[in-house]
1. For B:Lys78, give me every one of the lysines with a C-alpha distance below 17 angstrom, ignoring sequence neighbours fewer than eight places off in its own chain.
2. If you take every DSSP beta bridge fully contained in chain B, what fraction is antiparallel? Give it as a percent rounded to 5.
3. What FRET efficiency comes out for the pair B:Asn29/A:Arg72, r = Cβ-Cβ distance, R0 = 30 Å, nearest 0.05?
4. Top mean-square fluctuation among B:Leu89, B:Leu47, B:Leu100, Gaussian network model of chain B, C-alpha springs under 10 Å?
5. Using a probe of 1.4 angstrom, how much of the accessible area of the stretch B:1-95 is carbon and sulfur, in percent?
6. For the protein assembly as shown, with every protein chain kept in place, what is the accessible area per residue (1.4 Å probe, Å²)?
7. On the protein heavy atoms, probe 1.4 angstrom, tell me the percent of accessible surface of chain A carried by carbon and sulfur.
8. With the solvent-accessible surface defined on protein heavy atoms using a 1.4 Å probe, which residues belonging to the stretch B:1-17 display a reduction of at least 30 Å² in accessible area in the multichain context relative to the isolated chain?
Amino acid sequence: EAQVTQNPRYLITVTGKKLTVTCSQNMNHEYMSWYRQDPGLGLRQIYYSMNVEVTDKGDVPEGYKVSRKEKRNFPLILESPSPNQTSLYFCASSWGGEQYFGPGTRLTVT
Amino acid sequence: ILNVEQSPQSLHVQEGDSTNFTCSFPSSNFYALHWYRWETAKSPEALFVMTLNGDEKKKGRISATLNTKEGYSYLYIKGSQPEDSATYLCAFIIHAGNMLTFGGGTRLMVKP
């Protein structure tokens with residue numbers, strides 16, 4: 001089944017404790033991206049990647065890192081999470097057209 | 001930061017009503033416009049990818065039009081059903097491989 005998977009789906013953590021949210025797609029898509037969704041602010045793009053080893057900042061990259069060492073994986077790294085990074089995160093992949101979204105990761109930073 | 005606006009923010013209609021809402025985007029440097037349907041507790045799912053001025057696309061009772069010269073797209077739902085209740089998002093792209101900029105969405109609630 002063609003899909004985008006994210007792990008974990010839910011995470012509660014403390015300020016400053018490094019974490020990684022994984023994202024994987026099995027559709028051989030070149031384009032992958034990360035979004036956060038906050039009430040009243042809609043979906044905002046954090047980082048995107050057009051291909052392996054190519055990443056670019058989106059609208060809200062501060063406090064996040066990504067890597068794209070292989071085509072199928074695009075992890076999101078929070079080196080030192082802060083409470084303002086509490087949000088719902090979506091990973092998505094695409095062949096260049098419509099985006100296929102993962103199930104979302106709800107992150108709470110206390 | 002590109003400005004993509006959707007209106008209205010929310011909409012309540014009765015079952016059977018037809019409805020439409022708007023996505024406005026910068027009319028310069030257009031590459032593509034996407035429409036997504038986002039149900040509560042689920043992930044956004046693509047409805048349409050529109051690339052040409054004058055494009056009209058249809059999927060069942062849902063259709064969309066695109067005017068790139070004036071920078072707007074309309075989404076129409078004919079004979080709304082309760083299962084159409086969702087947030088409808090548009091996303092604007094200025095060139096291939098570039099980031100998507102989403103509008104704030106229109107939340108549609110269809111009452112039985």
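The values are calculated or read from the model by the stated rules, or taken from the named source; none is laboratory data. Here the structure is a predicted model, which is why all the values come from computation and not from measurement. Note that we place each Cβ from the backbone using ideal geometry, even for glycine, and neighbour counts take in every protein chain shown. These accessible areas exclude ligands, DNA and RNA; they are computed on the full protein's heavy atoms, side chains included. Shrake-Rupley method; radii C 1.70, N 1.55, O 1.52, S 1.80 Å.
1. Hits, sequence-local ones excluded: B:Lys57, B:Lys58, B:Lys59, B:Lys111.
2. Around 90 percent antiparallel, to the nearest 5.
3. Between B:Asn29 and A:Arg72 the formula returns 0.45.
4. In this elastic network of chain B, the residue with the biggest mean-square fluctuation among B:Leu89, B:Leu47, B:Leu100 is B:Leu100.
5. Percent of accessible area from carbon and sulfur atoms in the stretch B:1-95: 45.
6. With the other protein chains kept in place, the protein assembly as shown gives 49 Å² per residue.
7. Answer for chain A is 50 percent, counting heavy atoms of protein chains only.
8. Hits at the 30 Å² cut-off: B:Ile1.
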